[in-house]
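Colleague: Okay, here's the structure, questions in a sec.
Readers should treat all values here as calculations from the given coordinates under stated rules, not as data from a laboratory. Please read all numbers here as calculations on a predicted model, not as lab measurements. Quick reminder, even Gly has a Cβ in these numbers, built from the backbone with ideal geometry, and neighbours come from all protein chains shown.
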Amino acid sequence: MAGLAADIAAFERMSRELEAQHLHAWVLFEGGRFIAAFADFEAAATEAVERFDEGPYLIRQVGAGPVQLPGGMVFRPAHALDTGGL
Amino acid sequence: MPSIQAGFKAGAAGEGPADLLVRLGPTIQVDIGLKSRAAPGEPPDLPAKKIKALIDTGAGGDCIDDDLARRLRLPIHDEGEISGVGGRHRAFIYTARIHVPGLDRLLFQPFTGVKLYEGEQWRRVILGRSFLRQYRLVYDGISARVEIGDHEPGG
């Protein structure tokens, strides 16, 4: 998971720039580098699998919030975790 | 126009189709994996076939059983945390292709890994509103018919 951690760190470093230029787009990071932004997950995943096969790589929607899961569960991406308690 | 049924035609063990729909929920069979092994122009050939999937309009995202995702060597493209009545735990997001025979569409979808098998769930995939974004869903609890398609109901 070291590769994914590097990609997440790169995303965090660029987060302001990404939100300014690619809000709601799906972005692809690989090897700790920003690769490209895409209009939808389909396009981002197609590029990721064609170029980097099984990865590791990061695909994330810029500005996305928590995802509602079944049974009232919520998925929060690592960048949106609340470490300040309730 | 393609469409499939996610309801039940017959009951079992004293239960009618509508009872089964209440108890089990709308269910379809999907093929899932990362790469299709089919030649261009042929129907998709993904490694895991006829995987039972619950259609859950109460879920925004899609989920896959963690063990199944690892067995299929699906790439992890993000990570985070799941919180709910069971507390909080780390979770991964997998990239997978899904094909629903009958709907004629091969799609990449992000799937949150959850422990469906460990939780003794008989489905290995849950499809939420992210999947349904591309389709119409018509739920008839009386007749136990649930239609998923990309056209007007009855059209």
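Colleague: Where the convex hull is taken over the Cα atoms of region A:2-80, what is its projected area averaged over directions, in nm²?
Modeller: Values: hull surface 21.5 nm².
If I average the Cα hull's projected area over directions, I get 5.4 nm².
Colleague: Could you work out the per residue convex hull volume over the alpha carbons of the protein assembly as shown, in cubic angstrom?
Modeller: 148
Colleague: Based on other C-beta atoms within 10 Å, arrange B:Asp45, A:Asp7, A:Asp53 from fewest to most.
Modeller: A:Asp53, B:Asp45, A:Asp7
Colleague: Then there is this: Would you compute, from DSSP H runs of 4+ residues alone, the mean residue ellipticity of chain B at 222 nm, taking -39500 (n - 2.57) per run and dividing by the full residue count, rounded to the nearest 500?
Modeller: On the way: 3 runs with 18 residues, N = 155.
Using -39500 (n - 2.57) per qualifying helix, the result is -2500 deg cm²/dmol.
Colleague: As I understand it, the value is the acute angle between the Cα axis of helix A:41-52 and the longest principal axis of the Cα atoms of chain A; what does it come to in degrees, rounded to 10?
Modeller: Roughly 50 degrees between the two axes.
Colleague: Give the whole-number value, in cubic angstrom per residue, of the convex hull volume spanned by the C-alpha atoms of chain B. Kindly include the intermediate steps, with their values, before the conclusion.
Modeller: Working: hull volume 19.7 nm³, N = 155.
With only Cα atoms used, chain B gives 127 Å³ per residue.
Colleague: Here is a follow-up. Which whole-number percent gives the relative contact order of chain B, counting Cα pairs below 8 Å spaced six or more residues apart?
Modeller: The normalised contact order for chain B reaches 30 percent.
Colleague: Still on this model: How do B:Ser143, B:Ser36 line up, fewest other C-beta atoms within 10 Å first? Before the final figure, lay out each step's value.
Modeller: Numbers: B:Ser143 12, B:Ser36 17.
By the 10 Å Cβ count, ascending: B:Ser143, B:Ser36.
Colleague: So if we plug the beta-carbon distance of B:Val22 and B:Leu106 into 1/(1 + (r/R0)^6) with R0 = 30 Å, what FRET efficiency do we get, rounded to 0.05?
Modeller: Working from the Cβ atoms, E equals 0.40.
Colleague: Springs between alpha-carbon atoms under 10 Å, Gaussian network over chain B: tell me which of B:Ile126, B:Ile98, B:Ile82 tops the mean-square fluctuations.
Modeller: So, out of B:Ile126, B:Ile98, B:Ile82, the one fluctuating most is B:Ile82.
Colleague: At a 10 Å Cβ-Cβ cut-off, how would you order B:Phe111, B:Phe131, fewest neighbours first?
Modeller: Placing the least packed residue first, the sequence is B:Phe131, B:Phe111.
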